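Have a look at the structure below before the remarks.
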Amino acid sequence: NAGVTQTPKFQVLKTGQSMTLQCAQDMNHNSMYWYRQDPGMGLRLIYYSASEGTTDKGEVPNGYNVSRLNKREFSLRLESAAPSQTSVYFCASTIFYEQYFGPGTRLTVT
Amino acid sequence: KQEVTQIPAALSVPEGENLVLNCSFTDSAIYNLQWFRQDPGKGLTSLLLIQSSQREQTSGRLNASLDKSSGRSTLYIAASQPGDSATYLCAVIRNRDDKIIFGKGTRLHILP
């Protein structure tokens, strides 16, 4: 049981480049989430998916898109990266309202 | 708007002491409250989950309490050890939209 996995672990992008952060869980959870964590700002919700085929905006969705490919996978896409998107990104899944987190992706946009 | 506040933001205590971390929330209509631990450069590890109908949960040296009426939770750590040094975060899930709201955490440093 791998839990929640994220790829890549580290990424450096130039302004304007695009990329997709991948997240997968093998716990058969319905709900999945994407957060970003910044110093002094805490964890902020970007998007979440209550079930396969549904997605909803969180607190800071601008500049991001998501795709719930199937029950296991929830990806986060940056279409045109900006320096303000430099952050650590966490994926989480939830069962009975208990959250399980992935190890994170550290993204730097120069 | 649901807000979650953790006080203090940072705490240093000598090894062996018992300590209390605080978490307060403005909206008592929550499903549960969850405490996490985060080591530097790592993800979040769940420590304790308290359902809204429960008053406390215990795991080893950790005890978490929940008082919904006053909008407070405490995490009690007994006989602290240097390995307890980490950032501790609390999060609530609110009833009306299943949104999860995090506090900004308490950075704990246990002095050997």
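The values are calculated or read from the model by the stated rules, or taken from the named source; none is laboratory data. Computed from a prediction, not measured in an experiment: that's the story for all the values here. As a convention, Cβ positions derive from the backbone with ideal geometry for all residues, glycine included, and neighbour counts pool all protein chains shown. To get the accessible areas, we keep the full protein, side chains included, count just its heavy atoms, and leave off ligands, DNA and RNA. Shrake-Rupley method; radii C 1.70, N 1.55, O 1.52, S 1.80 Å.
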Quiz item: How many nm separate the modelled label positions at A:S18 and A:E73, each set 7 Å beyond the Cα in the direction of the Cβ?
Solution: 1.7 nm
Practice problem: Output ³J(HN,Hα) for region A:8-19: one whole-Hz value per residue in order, computed from phi by the Karplus curve 6.51 cos²θ - 1.76 cosθ + 1.60 with θ = phi - 60°, and x for Gly and Pro. | Solution: x, 7, 9, 7, 10, 10, 9, 3, x, 6, 10, 6
Quiz item: Debye sum, Cα scatterers, chain A, no solvent: what log₁₀ I/I(0) at q = 0.10 1/Å?
Solution: -0.25
Quiz item: Taking a 1.4 Å probe, which of B:K99, A:K71 shows the most accessible area, and what order do the others take after it?
Solution: A:K71, B:K99
Quiz item: Thinking of region B:4-65 as a set of Cα atoms, what percent of all their pairs are more than 13 Å apart?
Solution: 72 percent
Self-check item: Global size of chain B as Cα Rg and Dmax, reported in angstrom
Solution: 13.5, 45
Quiz item: Alpha carbon centre of region A:3-53 versus region B:88-105: separation in Å?
Solution: 17 Å
Exercise. Mind checking the full-extension length gain between A:N30 and A:K57? Use 0.36 nm per residue of separation minus the Cα-Cα distance, one decimal, nm.
Key: 8.1 nm
Quiz item: Other chains' Cβ within 10 Å of A:27-37 residues: what's the mean?
Solution: 1
